[in-house]
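Here it is, the structure in full.
The values are calculated or read from the model by the stated rules, or taken from the named source; none is laboratory data. Since the structure is predicted, the reported quantities are computational estimates derived from the model, not experimental observations. Cβ coordinates were reconstructed from backbone atoms using ideal geometry, including for glycine residues, and neighbour counts include every protein chain displayed. Side chains are part of the model used for accessible areas, which takes the heavy atoms of the whole protein and leaves out ligands, DNA and RNA. Shrake-Rupley method; radii C 1.70, N 1.55, O 1.52, S 1.80 Å.
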Amino acid sequence: MAIEDVDVRRFVTWKIFPVALVVGTIWYYRQKGVTFKSLNRKLTAFAIVKIMARINKSKDIVATKKRLFSNLEEQKSNRSQRLQILEIGVGGGANFTFYPPGSQVICLDPNPNFKSYIQQSIEESNVEMKRFIQGFAEKLETVEDDSIDSVVCSMVLCSVRDLDKTMSEVRRVLKPDGTFYFIEHVAAKQGTCLNRVQRWLNPVWYCLSGDCQINRETGKAIDRAGFSQTSLNYFKLNTYVFMIRPILWGTATK
């Protein structure tokens, strides 16, 4: 085979074929009416559900969630009506199995592609989805003041755009004596090696992981939000992803 033929084959294999594959993929999805924005949301939803499924199987996370959400049963017993729960950044509904049977859940998430995963989680638990809100935690305008028994955030405050505004909205929608439940990965203690690494890696992590920030001091934001009572607890998650080992969990009462 002539050298020129080899060069042509290499050019077609490494230059033309990849470009044709990309162009063909774009054309195919455009014919199907699928935009790259919607495709990205679908892939993001799928990835988050799979990642959270692995995290939620951790013995530490399971034990902590059982302890954290056990207080929901007490809240339920003190209510004459069904428990009203707002979960911010609901994802695929991984927390539903920890909620008391009969609870009504308002699901908030900016990504509408979680709906099918939520429906599956509902079928596997004994809760009811009251409604799905496509939106952001900083602007809960469709949720009335003093209307929610419990607000839940689970591995989501790392990616909200404005943490203080989110806390303000959580307080606004909670009923008097309502409770905010949270379990979040947070910044390591100031001055530690891990804290410095988190600060160094955060810009790259933020770009690669869908706005997640690994150096958020979430506990301080909760403390200054004006809750009447807070309970903040910390532990180290047993995971090879060392950047998210520091975990904050607890409650805050309006």
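Which of the residues spanning region 216-254 are farther than 28 Å from Pro176 by Cα, touching a residue at least 12 places away in the same chain (Cβ under 8 Å) and open to solvent by 50 Å² or more (accessible area, probe 1.4 Å)?
Within region 216-254, Asn238, Phe242, Arg245 qualify.
Here are some residues: Tyr206, Tyr240. Which one is modelled with pLDDT under 95 and assigned to a loop (DSSP other than H, G, I, E, B)?
The conditions single out Tyr240.
Could you go through region 163-179 and let me know if any residue there is touching a helix residue (DSSP H, G or I) at 6+ places or on another chain (Cβ under 8 Å), modelled with pLDDT under 95 and under 27 Å from Leu232 (Cα atoms).
No, region 163-179 has no match at all.
Turning to a different aspect of this structure: Which one of the conditions (1) in a loop (DSSP other than H, G, I, E, B); (2) open to solvent by 70 Å² or more (accessible area, probe 1.4 Å); (3) touching a strand residue (DSSP E or B) at 6+ places or on another chain (Cβ under 8 Å) does Gln81 fail to meet, given that it meets all the rest?
Among (1) in a loop (DSSP other than H, G, I, E, B); (2) open to solvent by 70 Å² or more (accessible area, probe 1.4 Å); (3) touching a strand residue (DSSP E or B) at 6+ places or on another chain (Cβ under 8 Å), the lone unmet condition for Gln81 is (3).
Specify the residue that is farthest from Glu169 (Cα to Cα); the eligible residues are those in region 118-150 that are of a type outside the set (A, V, I, L, M, F, W, C) and surrounded by 20 or more Cβ atoms within 10 Å (Cβ to Cβ).
Per the criteria, the residue is Ser121.
Could you check region 204-215 and list, in sequence order, the residues that are surrounded by fewer than 14 Cβ atoms within 10 Å (Cβ to Cβ) and free of Cβ contacts under 8 Å to residues at least 24 places away in the same chain?
Val204, Cys207, Leu208
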